[in-house]
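Q: If you scroll down you'll find the structure; I have some questions about it.
Throughout, read-outs are computed from the coordinates displayed, never taken from laboratory work. All figures in this text were calculated on a predicted structure; none of them were measured in a lab. Positions of Cβ are backbone-derived with ideal geometry, glycine not excepted, and every protein chain shown enters the neighbour counts.
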Amino acid sequence: MLFAPAPGHRGFTLLEVLVALAIAGLLFVGLGGILQQQIKTESHLERKAAAAQVVRNLLAEAEIHHDQVEEGTTNGEMEMGGWKFPWSQTVSIYTVEDEEGTQQAVALQMQIDVGDQEETIEQAALYLPLKTAEVP
């Protein structure tokens, strides 16, 4: 016999190889699911970051033109990062008393649709002084 293994040097049986392949296959399927979930989560976080930037842009625009805002709700759509984000802005004008006196202020609340569900990105209101109000 020319191909007889040396004593003590045997190879793997077919059954051992098949069991090892089955275990490796299960591990790869599990890792594939984990990677797929990771990619989905990363994509959602990128979209939320772009939506947050849209909110910051809208709030900055409102801060620049705060003397021209009108009370009520405004809707629109803005594109950022290849995505389109429908948004809603609620403006309330009211009187505030502080150390500088009595002032009118604008409160803005932004709500933006991130995609799979509508989320309020900016919950805190932005207060902008309009003008000093006359104290009765």
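Q: Would you please put 48-57, 79-88 in order of how densely packed they are, using the mean number of other Cβ atoms within 10 angstrom per residue and starting with the highest?
A: The densest-packed peptide leads the list: 48-57, 79-88.
Q: Now, a different point. Check which residues have an amide H placed less than 5 Å from Phe85's amide H, if you skip close sequence neighbours.
A: HN-HN under 5 Å from Phe85: Met78, Glu79, Met80.
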